[in-house]
Amino acid sequence: MALLEVSNLSIAVAAGGKLLPVVQGISFQVEAGKTLGIVGESGCGKSLTSLAIMGLLEGSQVRIIGGTIHFNGQNMLTLSDKKRREIMGAEMAMIFQEPMTSLNPVYRVGDQIIEAIRQHKKQTKQQARARAIELLTLVRIPDAEKRIESYPHQLSGGMRQRVMIAMALACDPKLLIADEPTTALDVTVQARILELLKELQQQTGMAIVLISHDLGVIAETCDSVAVMYRGKFVEVAPSAELFSTVAHPYTSGLLSSIPVSDHEIDRLDAIPGRVPMLGEDVIGCAFHPRCNLAQECCSLKDPEEVSLTQTHFTRCHFPIGSNL
Amino acid sequence: MLAYTFKRLLALIPTLLAASVLIFLFVHLIPGDPAAILLGDTATPEEIAELTHAMGLDRSLITQYFLWLGNVLQGDFGTSIFFRIPVLSVIADGAETSILLASMTMIWIMLIGIPIGILAATRHGSWVDQIASGGAMLFASIPTFWLGLYLILIFAVGLGWFPSSGFPSISDEGGLWNIRYLLLPSLTLAAPNAALIIRLVRASMLDVQREDHVRTARAKGLHPTKVAIRHVFRNAMISVAAAFGFTFAALISEAVVTETVFSLPGIGRLVVQSILRRDYPVIQGVILVIVCLYMIINLLVDLTYARLDPRVSLK
Ligand SMILES: Nc1ncnc2c1ncn2[C@@H]1O[C@H](COP(=O)(O)OP(=O)(O)OP(=O)(O)O)[C@@H](O)[C@H]1O
Ligand SMILES: [Mg+2]
């Protein structure tokens, strides 16, 4: 059994007395030590998926309405709260999309890391402090002994995200979920954070679920890729295979919108149209209004999942480069 | 921090001077002649004129003001027209009651306001929250004098559990046990303010709850109670502390009513009685002391605020 197995996960948002499906029956696996990338445009349900895995969906607004999440052989959705909290932050950790606001403004960053350590490990304050310094050094924060005394507002966004990573690594997790860890940071910092994540993975052997809306980021970092469109995985494949034989027109659109070298292009311009609004019904394939390869049946029937190879799946009536 | 405190204390001087002018004018604009009131109905105009002259009230307002200010600066607040003893000792007599009453009230406010506020926020939307919020709304809108009278009616007159009025000093017979006299008054005074704190704690905790760092705290695997106290409440305290200055201001005016309802020999009742007696020196003295106290409390609030929020730097 893989380290993380998600099958048929569906998540809905309650709005105006109705349950609107946001994530619809997605399935994937992550093996220990491997990296899965999830790409998709803003609002397609990436964050909700990651929060669901982590057990952080909260409140009556957002709800898991179907499917299972198995982590390390345990069914996360039926686990008691206490057992789940023992896993959260220890075996499974998460870094978030918003480094500027994800740290508590009133505590020193060191104390926040120490809290994460002591929550799961029986350590004295001194031991935990030493470990926190070690972690800050590990994520390349210069002057870790001094920085441990800083408050979040005294650090830049990139530094704060490093602190978040250090905190996530506090208890040597088996799985790290990184929800757009670099989106809010500027380009040079982005590259360094991604490099850091890759290196840390090599050192610790943890698995990573890396979420991004930038296929370029995913291409460099991941073993396999899932492309998400409007709450569904429209294409899943090992990285190499995906980039050599793109099957879904949406993936192809994303690929051609990867900025070439250093002059950026507006990535939303690359694929015409927009993502349909939440709750807006689209009959047939959700992508067909924006798809330049769409044919009549695309607007009538939602495509089933088809497998192109053992490891390459897509949801398209007319996958590129195939004779289906 | 020390430098900042010192600067703020220096800044109190012009404010206090301005306050002294206002207080003086206000007091002297109250209609009524203190000499006439002091001498009673049977006094002849000559007697009144004589006393007015003896008290210096026939001089120009400006002269009177500077004479008063000069004395105050030397620590002499004048002599009470009514008691014929120094104003400072009149105030000191009322201070014990008022300080004890204020302390007990503060304890009630914290003891009632904070835990119920936290409970209402963490159980947001549940019946616990609805009762707490509804109760808070009710108590915030009940007039102090009305609540005081009802407490007296129920617990003092009806059940006889507590004395209904007065307060013998804790150095008198009965000792510390005498603070039972202050139980109903302090509860009366605490009720609207505790209600305010409940609503404040609840509202700011609900605000903080939506912040991203709370999700981080939950992602660490912390127990929800730990998240609520250590992360949510700790941040919510910043805005609660900032509002505390207002609570104190409200407390002062409500204390005047409460002390009157419960006939407590405190400073609040002293103000009311002194106004009725046209006891100018006492009114001026008391109000000046209250203004001072208010400004010091606000300084303390600002210092606390800065301590609670590392992003605030004191300059
Ligand atoms: N708490 C919530 N209440 C209501 N709707 C929500 C909530 N959280 C998310 N949604 C909706 O669910 C959809 C998916 O949101 P999600 O945050 O997962 O998107 P995302 O793929 O992470 O986008 P981004 O790239 O902008 O982070 C969005 O349309 C969003 O508006
Ligand atoms: Mg997101």
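The values are calculated or read from the model by the stated rules, or taken from the named source; none is laboratory data. Because the structure is predicted, anything quoted here is derived from the model rather than measured. So basically every Cβ, Gly included, is an ideal-geometry build from the backbone, and we count neighbours across all protein chains shown.
The conditions are (1) more than 13 Å from chain B (Cβ to nearest Cβ); (2) within 16 Å of ligand 2 (Cβ to nearest atom); (3) crowded, with 18+ Cβ neighbours inside 10 Å, and A:S42 fails exactly one of them. Which is it?
All conditions are met except number (3).
Quick one: in the range B:203-213, of everything that is touching a helix residue (DSSP H, G or I) at 6+ places or on another chain (Cβ under 9 Å) and part of a helix (DSSP H, G or I), which residue is nearest to the other protein chains (Cβ to nearest Cβ)?
Once the filter is applied, the top-ranked residue is B:H213.
Looking at B:I152, B:I170, which is the one that is surrounded by 16 or more Cβ atoms within 10 Å (Cβ to Cβ), in a loop (DSSP other than H, G, I, E, B) and assigned by TED's automatic domain parsing to the domain that holds B:D93?
B:I170
Cβ-Cβ under 6 Å, sequence separation 6+ or interchain: first residue in the range A:279-303 and within 18 Å of A:G231 (Cα to Cα), partner of a type in the set (V, I, T) and exposed (fewer than 13 other Cβ atoms within 10 Å of the Cβ). Which pairs?
none
Scan A:S47, A:S27 and give me the residue that is polar (S, T, N, Q) and within 16 Å of ligand 1 (Cβ to nearest atom).
Answer to the check: A:S47.
Are any of the residues in the range B:214-224 among the hydroxyl-bearing types (S, T, Y), within 12 Å of another protein chain (Cβ to nearest Cβ) and buried (at least 18 other Cβ atoms within 10 Å of the Cβ)?
yes
Answer with yes or no whether B:I114 is in contact (Cβ under 8 Å) with a residue 24 or more places away in the chain, among the β-branched types (V, I, T) and surrounded by 12 or more Cβ atoms within 10 Å (Cβ to Cβ).
So B:I114 fits the description; yes.
Kindly evaluate B:L200 against the criterion of being closer than 19 Å to B:H124 by Cα, out of contact with any His (no Cβ under 8 Å at 6 or more places or on another chain), away from chain A (no Cβ under 14 Å) and at pLDDT below 95.
yes
Among the residues that make up the range A:28-46, is at least one of them closer than 26 Å to A:V282 by Cα, among the hydroxyl-bearing types (S, T, Y) and touching a strand residue (DSSP E or B) at 6+ places or on another chain (Cβ under 6 Å)?
Looking through the range A:28-46, none of the residues is closer than 26 Å to A:V282 by Cα, among the hydroxyl-bearing types (S, T, Y) and touching a strand residue (DSSP E or B) at 6+ places or on another chain (Cβ under 6 Å).
Tally the residues that are surrounded by fewer than 24 Cβ atoms within 10 Å (Cβ to Cβ) and either within 13 Å of ligand 1 (Cβ to nearest atom) or in a helix (DSSP H, G or I) (or both), restricting the search to the range A:202-211.
3
Output the residue which, of all residues in the range A:165-196 that are part of a helix (DSSP H, G or I), under 15 Å from the mean Cα position of the chain (by Cα) and modelled with pLDDT of 90 or more, is surrounded by the most Cβ atoms within 10 Å (Cβ to Cβ).
Here the residue is A:A168.
Filter the range A:70-97 down to the residues that are among the polar types (S, T, N, Q) and within 14 Å of chain B (Cβ to nearest Cβ) and list them by number.
Residues satisfying the conditions are A:S80, A:Q97.
Please determine, by comparing only the residues of the range B:225-235 that are of a type outside the set (K, R) and at the interface with another protein chain (Cβ under 9 Å from one of its Cβ atoms), which one is surrounded by the fewest Cβ atoms within 10 Å (Cβ to Cβ).
Among those residues, the one meeting the criterion is B:N235.
Which condition does A:T78 not pass, out of (1) among the β-branched types (V, I, T); (2) without any contact (Cβ under 8 Å) to a residue 40 or more places away in the chain; (3) within 11 Å of ligand 1 (Cβ to nearest atom), if it passes all the others?
Result: A:T78 fails condition (3) only.
Looking at A:L51, is it surrounded by 20 or more Cβ atoms within 10 Å (Cβ to Cβ), closer than 25 Å to A:K174 by Cβ and of a type outside the set (V, I, T)?
yes
Are there any pairs with C-beta distances below 9 angstrom linking a residue in the range A:54-69 that is facing another protein chain (nearest Cβ under 10 Å) and under 17 Å from A:R84 (Cα atoms) to a residue that is outside any loop (DSSP other than H, G, I, E, B) and of a type in the set (S, T, N, Q), with the two at least 6 apart or on different chains, and if so which?
So the pair list comes out as A:L56/A:S50.
Inside the range B:145-167, can you point out the residues that are touching a residue at least 60 places away in the same chain (Cβ under 8 Å) and among the small types (G, A, S)?
Across the range B:145-167, the qualifying residues are B:G148, B:S164, B:S165, B:G166.
Okay, residues lined up against (1) under 15 Å from the mean Cα position of the chain (by Cα); (2) modelled with pLDDT under 90:
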residue: B:S80; (1), (2): no, yes
residue: B:I99; (1), (2): yes, yes
residue: B:I107; (1), (2): yes, no
residue: B:P115; (1), (2): no, no
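Kindly provide the set of residues from the range A:246-288 that are at pLDDT 80 or above, within 25 Å of A:I11 (Cα to Cα) and aliphatic (A, V, I, L, M), ordered by number.
Of everything in the range A:246-288, those that are at pLDDT 80 or above, within 25 Å of A:I11 (Cα to Cα) and aliphatic (A, V, I, L, M) turn out to be A:L254, A:I283, A:A286.
Does A:G16 count as more than 16 Å from ligand 2 (Cβ to nearest atom) and without any contact (Cβ under 8 Å) to a residue 40 or more places away in the chain?
Against the criterion (more than 16 Å from ligand 2 (Cβ to nearest atom) and without any contact (Cβ under 8 Å) to a residue 40 or more places away in the chain), A:G16 qualifies.
Take the residues in the range A:237-250 that are in contact with a strand residue (DSSP E or B) (Cβ under 9 Å, 6 or more places away or on another chain) and either of a type in the set (G, A, S) or surrounded by fewer than 24 Cβ atoms within 10 Å (Cβ to Cβ) (or both), then tell me which one is farthest from A:T188 (Cα to Cα).
A:A247
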